[in-house]
1. Enumerate the pairs (first residue in region 204-231 and at positive phi; second residue anywhere and surrounded by 18 or more Cβ atoms within 10 Å (Cβ to Cβ) and in a helix (DSSP H, G or I)) with beta-carbon separation below 6 Å, excluding pairs fewer than 6 apart on the same chain, so at least 6 apart or on different chains.
2. So which residues in region 150-179 are modelled with pLDDT under 95 and among the β-branched types (Val, Ile, Thr), if there are any at all?
3. Would you point out the residue of region 153-182, among those that are more than 24 Å from residue 50 (Cβ to Cβ) and among the hydroxyl-bearing types (Ser, Thr, Tyr), that is surrounded by the most Cβ atoms within 10 Å (Cβ to Cβ)?
4. Out of 145, 135, 150, 106, report the one residue that is surrounded by fewer than 21 Cβ atoms within 10 Å (Cβ to Cβ), under 16 Å from residue 198 (Cα atoms) and assigned by TED's automatic domain parsing to the domain that holds residue 208.
5. Can you work out which of the residues in region 132-152 that are assigned to a loop (DSSP other than H, G, I, E, B) and among the aliphatic types (A, V, I, L, M) is nearest to residue 190 (Cα to Cα)?
Amino acid sequence: MTFKPIRKRRVYHEVIEQIMSAIERGDIHPGSKFPSERQLAEKLSVSRTTIKEAISVMESSGTVIVRPGVGTFLREVNTEDILHRLNIVIQNHTLNIVELMEIRQAIEGSAAYFAALRATEGELLELETKYHDLAASVHQEKLAAEEDYAFHMTILTMAKNDLMVNMMNLLSERLKKGLVESRTETLGKKGKATIVLEEHKVIAEAIAAGDCGAAREAMWHHLQNVKTRFI
């Protein structure tokens, strides 16, 4: 007898499913404005943090546009495309984050080591820029999955090992989905995003200092912390 592992279901997935149903019914049209976070939280009987998580994930998937001080709008594309993208988001919860993090520990730990050994001044400046981009998004309480991805891929490039880069490119879609999942979990816990940002800072500083061992350890520690949150 074979059973599949039961995955922990996240509340924001249910919020997205409710929004999908509203789109299918025609209650929400492409280009239309969503109710406020407070109104959605009241209507769905969930916290505003959960609504913020759902909106951040939908923004990352390209289905909504968030205009600060104005509101959240459904993108002006055809309904079928929007529903397809949201369905992919819902399916993401089946992704095995733990296995993905272990692969990343094996590859990116070594990448951080060699980045510290081989990085040029120009590459270190590029990594610093990627870190500041990530920090800006975190401070604006955005999901920051794209900025996180750019930071890690920059380190892989700095390692100057084409095989490492190619291996991660093969996993790029899974990696991006995993980042959305992990950063959404982080966004839902007060103060956690700042702690995770500090982990990225430690990685960048170790690489900039040319400390290969510390860079590898910092990367491994960061990914271990991500993995632990999903065990």
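The values are calculated or read from the model by the stated rules, or taken from the named source; none is laboratory data. No experiment lies behind these values; they were computed from the predicted model shown. Cβ: placed from backbone, ideal geometry, glycine included. Neighbour counts: every protein chain shown.
1. 210/116
2. Within region 150-179, 165 is the sole residue that qualifies.
3. So in region 153-182, the residues more than 24 Å from residue 50 (Cβ to Cβ) come out as 153-175.
Filter again for among the hydroxyl-bearing types (Ser, Thr, Tyr), leaving 154, 157, 172.
Values: 154: 20, 157: 18, 172: 11.
Looking at the filtered set, the residue picked out is 154.
4. Working: 145 fails: surrounded by fewer than 21 Cβ atoms within 10 Å (Cβ to Cβ); 150 fails: under 16 Å from residue 198 (Cα atoms); 106 fails: under 16 Å from residue 198 (Cα atoms).
After applying the criteria, what remains is 135.
5. Going through region 132-152, the residues assigned to a loop (DSSP other than H, G, I, E, B) turn out to be 140-144.
If we keep only those that are among the aliphatic types (A, V, I, L, M) too, we end up with 143-144.
On the way: 143: 13, 144: 16 Å.
The selected residue is 143.
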